[in-house]
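Read the structure below first, then the notes.
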Amino acid sequence: MTTITLVQGDITQETVDAIVNAANSSLLGGGGVDGAIHRRGGPEILEECRRLRASHYGKGLPTGQAVATTAGKLHAQWVIHTVGPVWSASEDRSDLLASCYAQSLKVADDLGAQTVAFPAVSIGVYGWPIEDGARIAIRTVRDADVPAVEEVRFVLFDTRAYNAFVDQLG
Ligand code: AR6
């Protein structure tokens with residue numbers, strides 16, 4: 001049974017086995033939580049991302065998938081990078097957003113990570129409506145069968161995101 005906990009704060013300050021990054025396909029960094037993770041984690045993370053681009057992910061990491069690297073100087077063993085979908089009003093991309101959580105948890109479970117911190121994937125720069133993003137996140141984690149993972153901690157940056165997750169957790 002995986003326990004879901006919610007905290008408001010900066011995910012780069014968390015001590016967990018794995019920290020999930022809301023990355024982009026390039027894996028080479030960006031703004032938002034991605035920028036914060038690379039800044040605080042140091043250059044080792046980017047070096048490993050570059051190696052992934054040079055080997056398995058020549059075209060980048062596809063949306064909805066996840067891959068692990070070192071966590072550098074963060075208080076974690078791994079960063080699991082996932083690429084959320086950009087919100088679209090004309091196309092339902094919910095399955096891709098759910099896949100980010102499911103695939104990240106599968107990677108975490110395979111690594112033996114017992115504690116995993118997630119940001120709210122896609123609800124920043126990628127424009128996903130917060131309430132819907134929270135609903136998909138909580139539902140997907142609840143449905144996941146990941147025996148190694150004891151705790152999933154959602155780390156929400158601002159009050160609005162935190163409250164949306166509180167509402168969905170019920
Ligand atoms: N800790 C926790 N949450 C954070 C932090 C932090 N330090 N910083 C921001 N957030 P976003 P996306 C929240 O934009 O929508 C990047 O440039 C933020 O308030 O980081 O998936 C990537 O390279 C929001 O609630 O990710 C991609 O190009 C949530 O994290 C693109 O942005 C997600 O916001 C991905 O966009």
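The values are calculated or read from the model by the stated rules, or taken from the named source; none is laboratory data. If you're wondering where the values come from, they're calculated on a predicted model, not measured in any experiment. Ideal geometry is used to build each Cβ from the backbone, glycine not excepted, and the neighbour counts take in all protein chains shown. Note: accessible area is taken over every heavy atom of the protein model, side chains too, but ligands, DNA and RNA are not part of it. Shrake-Rupley method; radii C 1.70, N 1.55, O 1.52, S 1.80 Å.
Among the residues of the range 149-156, is any open to solvent by 60 Å² or more (accessible area, probe 1.4 Å), in a loop (DSSP other than H, G, I, E, B), modelled with pLDDT of 95 or more and touching a Gly at 6+ places or on another chain (Cβ under 7 Å)? Steps first, please.
Taking the range 149-156 as the starting set, the residues that turn out to be open to solvent by 60 Å² or more (accessible area, probe 1.4 Å) are 150.
If we keep only those that are in a loop (DSSP other than H, G, I, E, B) as well, we get 150.
Next, from what is left, pick out any that are modelled with pLDDT of 95 or more: 150.
So of that shortlist, the ones also touching a Gly at 6+ places or on another chain (Cβ under 7 Å) come out as none.
Looking through the range 149-156, none of the residues is open to solvent by 60 Å² or more (accessible area, probe 1.4 Å), in a loop (DSSP other than H, G, I, E, B), modelled with pLDDT of 95 or more and touching a Gly at 6+ places or on another chain (Cβ under 7 Å).
Could you grab me the full set of residues in the range 136-164 that are more than 15 Å from the chain's Cα centre (by Cα), touching a residue at least 24 places away in the same chain (Cβ under 8 Å) and within 15 Å of the ligand (Cβ to nearest atom)?
Within the range 136-164, Asp158, Thr159, Arg160, Tyr162, Ala164 qualify.
Pick from Ser99, Ser104: which is modelled with pLDDT of 95 or more, within 16 Å of the chain's Cα centre (by Cα) and open to solvent by less than 20 Å² (accessible area, probe 1.4 Å)? Spell out the reasoning first.
Numbers: Ser99 fails: open to solvent by less than 20 Å² (accessible area, probe 1.4 Å).
Residue meeting the stated conditions: Ser104.
Specify which of the listed residues (Gly133, Gly112) is over 12 Å from the mean Cα position of the chain (by Cα) and surrounded by 24 or more Cβ atoms within 10 Å (Cβ to Cβ).
Testing whether each residue is over 12 Å from the mean Cα position of the chain (by Cα) and surrounded by 24 or more Cβ atoms within 10 Å (Cβ to Cβ) leaves just Gly133.
Restricting to the range 65-81, what's the tally of residues that are in contact with a Gly (Cβ under 8 Å, 6 or more places away or on another chain) and within 12 Å of the ligand (Cβ to nearest atom)?
Looking only at that region, the number is 1.
Considering the range 78-96 alone, what residues qualify as being more than 12 Å from the chain's Cα centre (by Cα) and either basic (Lys, Arg) or under 20 Å from Ile4 (Cα atoms) (or both)?
Within the range 78-96, just Arg93 meets the criteria.
Taking the options Gly60, Gly9, name whichever one is of a type outside the set (Phe, Trp, Tyr), on the phi > 0 side of the Ramachandran plot and touching a strand residue (DSSP E or B) at 6+ places or on another chain (Cβ under 7 Å). Let's see the steps before the verdict.
Numbers: Gly60 fails: touching a strand residue (DSSP E or B) at 6+ places or on another chain (Cβ under 7 Å).
The unique qualifying residue is Gly9.
Applying the selection to the range 1-27, what residues are near the ligand (Cβ under 9 Å from one of its atoms) and of a type in the set (Asp, Glu)?
Answer for the range 1-27, where residues must be near the ligand (Cβ under 9 Å from one of its atoms) and of a type in the set (Asp, Glu): Asp10, Glu14.
Only one of (1) buried (at least 23 other Cβ atoms within 10 Å of the Cβ); (2) near the ligand (Cβ under 10 Å from one of its atoms); (3) farther than 24 Å from Glu44 by Cβ is not met by Val121, so which one is it?
In the conditions (1) buried (at least 23 other Cβ atoms within 10 Å of the Cβ); (2) near the ligand (Cβ under 10 Å from one of its atoms); (3) farther than 24 Å from Glu44 by Cβ, Val121 misses (3) alone.
Please verify whether Glu47 is open to solvent by 10 Å² or more (accessible area, probe 1.4 Å), under 22 Å from Thr12 (Cα atoms) and more than 15 Å from the chain's Cα centre (by Cα), treating the condition exactly as stated.
Judged against the criteria, Glu47 is a match.
Of everything in the range 28-42, what is near the ligand (Cβ under 9 Å from one of its atoms), part of a loop (DSSP other than H, G, I, E, B) and either over 20 Å from Thr63 (Cβ atoms) or touching a His at 6+ places or on another chain (Cβ under 6 Å) (or both)? Give them in sequence order.
Across the range 28-42, the qualifying residue is only Gly29.
Would you mind stating whether Ala76 is touching an Asp or Glu at 6+ places or on another chain (Cβ under 8 Å) and open to solvent by less than 40 Å² (accessible area, probe 1.4 Å)?
So Ala76 passes the test.
For Ser55, work out the one condition from (1) free of Cβ contacts under 8 Å to residues at least 12 places away in the same chain; (2) within 11 Å of the ligand (Cβ to nearest atom) it doesn't fulfil.
So Ser55 meets the others, but not (2).
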